[in-house]
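The values are calculated or read from the model by the stated rules, or taken from the named source; none is laboratory data. Small disclaimer: the values here were computed from a predicted structure and weren't measured. Cβ: placed from backbone, ideal geometry, glycine included. Neighbour counts: every protein chain shown.
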Amino acid sequence: MNLHNPPQDLGVLKIKKIMNIQVLGTGCPKCKSLERATREVVAQNGIDATISKVEDIVEIMKFNVMTTPALVVDGKVVVKGRVPSNDELKQILTNKIYIL
Amino acid sequence: MNLQLFKSRNFLTALILLPIWYVVYVNLQSTTDWLVDTVLGMTKSTHFAETIRFFIFEFPKVIMLLVLIIFFVGILRSYFTAEHTRKALEGKSTFTGNIMASLLGIVTPFCSCSAIPLFLGFVESGVPLGVTFSFLIAAPMINEVAVILLYGMFGWKTAVIYITTGLAIAIIAGWIIGKLRLEKWVEEWVYATQLGEGEGEEGKIAFSQRITMGYDAVKEIVGKVWLFVAFGILVGAGAHGYVPAEFMASFMGKDVWYAVPLSVLIGIPLYSNAAGIVPIVSVLIEKGASLGTALAFMMSVIALSLPEVIILRKVLKMPLILTFVAIVGGGIMIVGFLFNWIF
């Protein structure tokens, strides 16, 4: 089933969940700019999300990420090792539809 | 090549820009001469005119080389990720592993700020310690900026010498560290750290996206180094006309036996990117420093630095850091002596 365009008549219950966004980074300049960009995009597009920063290296390794900064949405790594443009971030963050 | 590619704006822009680049690059010398001799109307071969000519020619030349090559390296690098490299190196035997790690160190995107997660990710998933070191030595030392600048200012032979000797140091130093079995000097928590599940792989990348990554690399790297290049070449241009030619010979010349070790010892704690150091090295050589000594100085500045040691101290105990610095520093000295002896 195509999760991005669920057929309306199936009666699927769509519930918008609060998105959990984590920015992984040990404090390098790029990590800070990714966090800033994420906050901007979330604020500008009215996305319902909590944003937190993960700076502890042991916690970062739990995501099996070797290049920082990385962006994790609801536990899934979506970007790593680079800072995407605000447009790309917007696409990444708004294309999520939650089906329960 | 598919048709979709020709519809991508990135690709078309690149197709238009490449010939323009070529025409400008080929005519750079004549344009410079015309500017200096006719437009500025300067008297030929005065110190001042030659200094201006040197700068007006060298600066755009080096920047144009950087833009072109970083663009292609950026595209090439999009095919290599730290994850692929790790997979290729897992459980590799020593020596073959050291060679592969050093070669992959050149092409895999690397930033010293990710050195710790990279080290953990490699060691945890079974890449031998010595092989990991080969990667960590080659990645910062043999980078495209250093190679392009060496090519631009000294010609391709020096660039090739730098790459091959840098590779040799990374391979052999990593191999020795592996043979010494120094795992006991890695901080205990490193081996206790649990790697998460899943590769965290991003989806398939279209070629037009890779071109975007090439543009991004140019913006990021050239944006960061152009000022260093300008400053370095300006110093070079100034020294070109005004400092006596054999000025450095008595400090860094071939006959000064302690010049190589001293240059390496001074270079180890210093931190600079390649863009800052190559123009300075070119001045040193022009003013009488020998190639081996200058190259050893440059390598020790780029490959080893105090900030790097501080970062590595998080995962390595002091004896291992000192062993690492001593082996790499020793390798660089051997390279320096070797080239002083050959040339």
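Please count how many residues of the stretch B:121-143 are within 16 Å of B:T94 (Cα to Cα), in contact (Cβ under 8 Å) with a residue 60 or more places away in the chain and within 18 Å of the chain's Cα centre (by Cα). Matching residues across the stretch B:121-143 total 2. Is it the case, given these coordinates, that B:A274 is buried (at least 22 other Cβ atoms within 10 Å of the Cβ), at pLDDT below 85 and either more than 14 Å from chain A (Cβ to nearest Cβ) or within 15 Å of the chain's Cα centre (by Cα) (or both)? Yes; evaluated as a whole, the condition is true for this residue.
Checking each residue in the stretch B:15-58 for being among the β-branched types (V, I, T), surrounded by 11 or more Cβ atoms within 10 Å (Cβ to Cβ) and in a helix (DSSP H, G or I) picks out B:V24, B:T31, B:T32, B:V36, B:T51, B:I52, B:I56.
Looking across the stretch B:296-319, the residues that are over 19 Å from B:V235 (Cβ atoms), more than 14 Å from every other protein chain (Cβ to nearest Cβ) and not charged (D, E, K, R) come down to B:A296, B:M299, B:S300, B:A303, B:L304, B:S305, B:L306, B:V309, B:M318, B:P319.
When we screen B:G97, B:G105 for residues that are touching a helix residue (DSSP H, G or I) at 6+ places or on another chain (Cβ under 8 Å) and within 14 Å of another protein chain (Cβ to nearest Cβ), the only hit is B:G105.
Could you please let me know if B:I268 is surrounded by 17 or more Cβ atoms within 10 Å (Cβ to Cβ) and under 28 Å from B:T51 (Cβ atoms)? Taking the combined requirement at face value, the residue does not satisfy it. Scanning the stretch B:68-120 for residues that are within 17 Å of the chain's Cα centre (by Cα) and not in a helix (DSSP H, G or I) yields B:T108, B:P109, B:F110, B:C111. Being in contact (Cβ under 8 Å) with a residue 12 or more places away in the chain, in contact with a Leu (Cβ under 6 Å, 6 or more places away or on another chain) and surrounded by 22 or more Cβ atoms within 10 Å (Cβ to Cβ) is a description that applies to B:M248. As for the stretch B:226-245, it holds at least one residue that is touching a residue at least 60 places away in the same chain (Cβ under 8 Å), under 26 Å from B:S112 (Cβ atoms), surrounded by fewer than 22 Cβ atoms within 10 Å (Cβ to Cβ) and aliphatic (A, V, I, L, M).
For the condition surrounded by 15 or more Cβ atoms within 10 Å (Cβ to Cβ) and in the same structural domain as B:G155 (by TED's automatic domain parsing), B:L89 qualifies. For the stretch B:71-92, a tally of residues being without any contact (Cβ under 8 Å) to a residue 24 or more places away in the chain and under 23 Å from B:I172 (Cβ atoms) returns 1. Every residue in the stretch B:237-279 that is assigned to a loop (DSSP other than H, G, I, E, B) and either small (G, A, S) or in contact with a helix residue (DSSP H, G or I) (Cβ under 6 Å, 6 or more places away or on another chain) (or both), please. Hits for the stretch B:237-279 are B:A245, B:M248, B:G253, B:K254, B:I268, B:P269, B:L270, B:Y271, B:S272.
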